[in-house]
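Working notes for the structure below.
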Amino acid sequence: SQKIEQNSEALNIQEGKTATLTCNYTNYSPAYLQWYRQDPGRGPVFLLLIRENEKEKRKERLKVTFDTTLKQSLFHITASQPADSATYLCALAGGSYIPTFGRGTSLIVHP
Amino acid sequence: GAVVSQHPSWVICKSGTSVKIECRSLDFQATTMFWYRQFPKQSLMLMATSNEGSKATYEQGVEKDKFLINHASLTLSTLTVTSAHPEDSSFYICSARDQVQPYEQYFGPGTRLTVT
């Protein structure tokens, strides 16, 4: 069955460092992959989308890589700030455009 | 950017009663809306997909008679939890997608349902 794995342990980093979050998947051939941010008690907020034929995407301090051979995406936040503390969700979708979500990884940026 | 609202943001109801949650796209027409349920520290689980003017498509294991979905217009979808039980307590989130950008879903802020 399809599986999306994100590290369930929280990632703790110091302000100013680069945070790197991992999303691995199995039994899936996604057309695209998305990253969302979710704050406690709130709905997810879309951050970035990367298509299967793209290797890397950037948006301001965010960078996403997509390796369809390794079946992995890495999500980087450079110059992290305490305001970046949240849960980050990875989602994969095929031709139906209906994404399947991972459980998310909590990021805590310490001042 | 596109905005999706949900109402109410939280609700407490007694076991056996029904609760209706509204999801509205405020500045775009949503041909497709999705309803998710999320338990603490779990991923969003898709419950159903609704297209305006047609019956919702429910995911496996989701009881369509218990979770009634109506998508009567391009800006409004409702989820009614009928005869709610404590195990239905969860965070319900809707999302909407327009015709122009099918890749992008815009999520509502969620509704916390507590059934006592």
Within 10 Å, at most 11 other Cβ atoms, and a DSSP state outside H, G, I, E, B define an exposed site. Report the longest part of chain A free of exposed GluC sites (Glu not before Pro). A:61-111
For B:ARG112 and B:TRP10 in one chain, what is 0.36 nm times their gap in residues minus the Cα-Cα distance, to one decimal in nm? 36.3 nm
Any idea what diffusion coefficient chain B gets from Stokes-Einstein, in µm²/s, Kirkwood Rh on alpha carbon pairs, 37 °C, 0.692 mPa s? 234
List the trypsin sites (Lys or Arg not before Pro) within segment B:1-97 that fall in a DSSP loop (any state other than H, G, I, E or B) and whose Cβ has at most 10 other Cβ atoms within 10 Å. B:LYS14, B:LYS41
Give the cysteines in chain B for which no other Cys Cβ lies under 4.7 Å away, or write none if there are none. B:CYS13
Exceeding 22 Å between C-alpha atoms, which entries from my cross-link table qualify? They are B:LYS20/B:LYS41; B:LYS20/B:LYS55; A:LYS3/B:LYS64; A:LYS3/B:LYS41; A:LYS17/A:LYS59. B:LYS20/B:LYS41; A:LYS3/B:LYS64
Run the numbers for A:VAL45 and A:ASN24: contour at 0.36 nm per residue of separation, minus the present Cα-Cα distance, in nm. 5.5 nm
Those GluC sites (Glu not before Pro) in segment B:10-73 that DSSP places in a loop and that have at most 11 other beta carbons within 10 Å: B:GLU63
Multiply the residue gap between A:HIS110 and A:ARG58 by 0.36 nm, knock off their C-alpha separation, and tell me the result in nm, one decimal place. 16.3 nm
Where is the GNM fluctuation largest for chain B (alpha-carbon springs, 10 angstrom cutoff): B:VAL11, B:VAL62, B:VAL100? B:VAL100
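Every read-out reported here was derived from the displayed coordinates using simple, explicitly stated rules and does not represent laboratory data. A quick note: this is a predicted structure, and the numbers were derived from the prediction, not measured. Cβ sites come from the backbone with ideal geometry, for glycine too, and all protein chains shown count toward neighbours.
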